[in-house]
2 protein chains.
Amino acid sequence: MTGPVRLKHQRITVALEREIRSGQVPRGARLPGELALARRFGVSRTTVRTALAELNEAGLITTRTGKGSFVLFDGRPLDDRLGWAHALAAQGVETRTRVLRIALCHREELCGRGDLCGREELCRRDGLAGVPGLDSPEVVVIERVREVAPQTVVSYERSCVPAVGELRDLPARGLAGSLTEALNRAGLHPDHGEQRLSGRMIDDREAELLRREPGAWFLSARRTSWAGDGTFIERVDSLLDPAHFELSLTFGEKTS
Amino acid sequence: MTGPVRLKHQRITVALEREIRSGQVPRGARLPGELALARRFGVSRTTVRTALAELNEAGLITTRTGKGSFVLFDGRPLDDRLGWAHALAAQGVETRTRVLRIALCHREELCGRGDLCGREELCRRDGLAGVPGLDSPEVVVIERVREVAPQTVVSYERSCVPAVGELRDLPARGLAGSLTEALNRAGLHPDHGEQRLSGRMIDDREAELLRREPGAWFLSARRTSWAGDGTFIERVDSLLDPAHFELSLTFGEKTS
DNA sequence: TCGCTGAACAAGTCTAGACAGGTAGGGCAA
DNA sequence: TTGCCCTACCTGTCTAGACTTGTTCAGCGA
């Protein structure tokens, strides 16, 4: 949220956003009702609703009829590219992300493993052609690596998102901020998805990007997410150095 | 995941579904009455009825006027030794499980990686010594491998469970049925847990068990589960051939 | 036109209670 | 032993109401 904050609803948006990002209102918690917020900020319910709509837009909360608004934000800078479940975490080390390429592609041209290529069979088998909910004929491909040091690459990620709205301009304008934010601004909020994880040896191109020997063993993950209406949002293929990454998931609640 | 925002009746549906699918409430058994469930979950009877209607819809239970709700689900509890989230699945191939060893150990003697051993540091670092909720000084260790063919081993799993109740007799009597069933009979019902997954090279002993070369790369998983009161139930360490296993997880619901 | 107010009404979620009817078991009389 | 009644407990159904968000509309002032 940039610029001077002079509108009432922006004041409310900023106030609530700060409470959420600071962890004061934890993930999953319910915000006060619209009427209560209206009283608290001394504004009308309509104005509160405008603010809540902005927070929804930003992906910070979700609102359900008859129940209220609930915090989605994690407390940490949102970076769920690698997976959910509080995700594959680089173990304790500070990492930097470097964008290698942002390109507009026809989805049919896209092969599953890495790049625009001529290997037809691979495209048919692993590409985006059969993914449900993808209407756009074109996709934007973003390739990134993560480094713990200038020469030490620990992961490679390739995201494919539909070339719609402002996402279409990503190749020209570059990625300011996180891809998650760009998706939110484009109105794409993940609702459900699937992730698969296994391991394999990297090929020559991947070895070059990762600065390893071809044949080195990496964790390989593919995450696909869709919006509530079934619209395809994103597919991320990742290669992760098993020495630096570990998937962590939990089930149940440790509440009791 | 599983969205943090659940309706009350969905929360109840999920809780009961887990108890049913885990075998905690066996096929044919009667669920507590609607009033009892309402008290247990702290909701109204109407809300409980909504949840039961969903379970009926899903074919997990049947409800009869004047009698109660009865479990229909008979599918073997998902083999969750390898993980939750619809677990790591051997891709399409029929597998057989072979038990290698069932032994009673002092938990302090147990090293994290494999066996009773003398490598003190490893024991201290990776063993069960620091696991919360484990009161029993002794644990039962069960080692198993999975084979797709007599000479083709695709995974190795080592479970550690507290040596309490009938579990203490496992070394003498052997494991009839699944370990999940034995845990249920011993009154140990997983309520929450954690799983970590990465990859590493196997050592000499593991190579022998898996019939591979030492230094081969395997997916390595560690799953720990606890009961609702925090009692330690099980820890499973697995080594999985990445050519045969893939972790699959979903988030959100594919309702629409 | 834009930001905002205030209000009314629709609709979703959940609680609380009342009442009807099905089921099972114990006690009692024939 | 058989048949019946009473009681306890269960599910099925309904109503009323509190509280929430969703939607729309009229109006005010810069």
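The values are calculated or read from the model by the stated rules, or taken from the named source; none is laboratory data. The model shown is predicted, which means the values in this text are computed figures rather than measured ones. Every residue, glycine among them, receives a Cβ derived from its backbone with ideal geometry; neighbour counts consider all protein chains shown. Remember, those area values only see protein heavy atoms, side chains included, never the ligands or the DNA or RNA. Shrake-Rupley method; radii C 1.70, N 1.55, O 1.52, S 1.80 Å.
Report, by residue number, each residue of region B:53-62 that is open to solvent by 60 Å² or more (accessible area, probe 1.4 Å) and either in contact with a strand residue (DSSP E or B) (Cβ under 8 Å, 6 or more places away or on another chain) or more than 12 Å from DNA strand C (Cβ to nearest atom) (or both). Steps first, please.
Here is the first cut: in region B:53-62, the residues open to solvent by 60 Å² or more (accessible area, probe 1.4 Å) are B:54, B:57-58.
B:GLU57, B:ALA58, listed by residue number.
Does A:GLY230 qualify as being facing another protein chain (nearest Cβ under 9 Å) and within 30 Å of B:GLU17 (Cα to Cα)?
Spelling it out, A:GLY230 is indeed facing another protein chain (nearest Cβ under 9 Å) and within 30 Å of B:GLU17 (Cα to Cα).
Within region B:180-195, can one find any residue that is open to solvent by 10 Å² or more (accessible area, probe 1.4 Å), within 8 Å of chain A (Cβ to nearest Cβ) and in contact (Cβ under 8 Å) with a residue 40 or more places away in the chain? Let's see the steps before the verdict.
Just the residues of region B:180-195 that are open to solvent by 10 Å² or more (accessible area, probe 1.4 Å), to begin with: B:180-181, B:184-192, B:194.
In the following step, the residues that additionally are within 8 Å of chain A (Cβ to nearest Cβ) were identified as B:190-192, B:194.
Narrowing further to those that are in contact (Cβ under 8 Å) with a residue 40 or more places away in the chain: B:190.
Looking through region B:180-195, at least one residue is open to solvent by 10 Å² or more (accessible area, probe 1.4 Å), within 8 Å of chain A (Cβ to nearest Cβ) and in contact (Cβ under 8 Å) with a residue 40 or more places away in the chain.
If we scan region B:151-160, do we find a residue that is within 14 Å of chain A (Cβ to nearest Cβ), open to solvent by 10 Å² or more (accessible area, probe 1.4 Å) and not in a strand (DSSP E or B)? Give the derivation first.
Taking region B:151-160 and keeping what is within 14 Å of chain A (Cβ to nearest Cβ), we get B:154-155.
Cutting the leftovers down to open to solvent by 10 Å² or more (accessible area, probe 1.4 Å) gives us none.
Checking region B:151-160: not a single residue is within 14 Å of chain A (Cβ to nearest Cβ), open to solvent by 10 Å² or more (accessible area, probe 1.4 Å) and not in a strand (DSSP E or B).
Could you tell me how many of the residues in region B:161-173 are open to solvent by less than 50 Å² (accessible area, probe 1.4 Å), in a helix (DSSP H, G or I) and more than 28 Å from B:ALA207 (Cα to Cα)?
Number of matching residues: 1.
Would you pick out the residues in region B:4-16 that are buried (at least 17 other Cβ atoms within 10 Å of the Cβ) and farther than 27 Å from B:THR180 by Cβ?
If the condition is that a residue be buried (at least 17 other Cβ atoms within 10 Å of the Cβ) and farther than 27 Å from B:THR180 by Cβ, then B:VAL5, B:HIS9 are the ones that fit.
Restricting region A:217-232 to residues that are surrounded by fewer than 21 Cβ atoms within 10 Å (Cβ to Cβ) and not aromatic (Phe, Trp, Tyr), which is nearest to B:LEU197 (Cα to Cα)? Reasoning before the result, please.
First, pick out the residues of region A:217-232 that are surrounded by fewer than 21 Cβ atoms within 10 Å (Cβ to Cβ): A:217, A:222, A:227-231.
This time we only want the ones that are not aromatic (Phe, Trp, Tyr), so: A:222, A:227-231.
On the way: A:ARG222: 15, A:ALA227: 27, A:GLY228: 29, A:ASP229: 32, A:GLY230: 29, A:THR231: 30 Å.
Ranking the candidates gives A:ARG222 first.
Out of B:VAL43, B:VAL14, report the one residue that is part of a loop (DSSP other than H, G, I, E, B), within 14 Å of DNA strand C (Cβ to nearest atom), within 14 Å of chain A (Cβ to nearest Cβ) and not basic (Lys, Arg). Don't jump to the end; show me each part of the working.
Details: B:VAL14 fails: part of a loop (DSSP other than H, G, I, E, B).
When all the criteria are applied, what remains is B:VAL43.
Considering region A:17-40 alone, what residues qualify as being open to solvent by 70 Å² or more (accessible area, probe 1.4 Å), within 14 Å of chain B (Cβ to nearest Cβ) and within 13 Å of DNA strand D (Cβ to nearest atom)?
A:ARG30
Check whether at least one residue in region A:193-210 is on the phi < 0 side of the Ramachandran plot, more than 17 Å from the chain's Cα centre (by Cα), β-branched (Val, Ile, Thr) and at pLDDT 80 or above, and report yes or no.
Scanning region A:193-210, I find at least one residue that is on the phi < 0 side of the Ramachandran plot, more than 17 Å from the chain's Cα centre (by Cα), β-branched (Val, Ile, Thr) and at pLDDT 80 or above, so the answer is yes.
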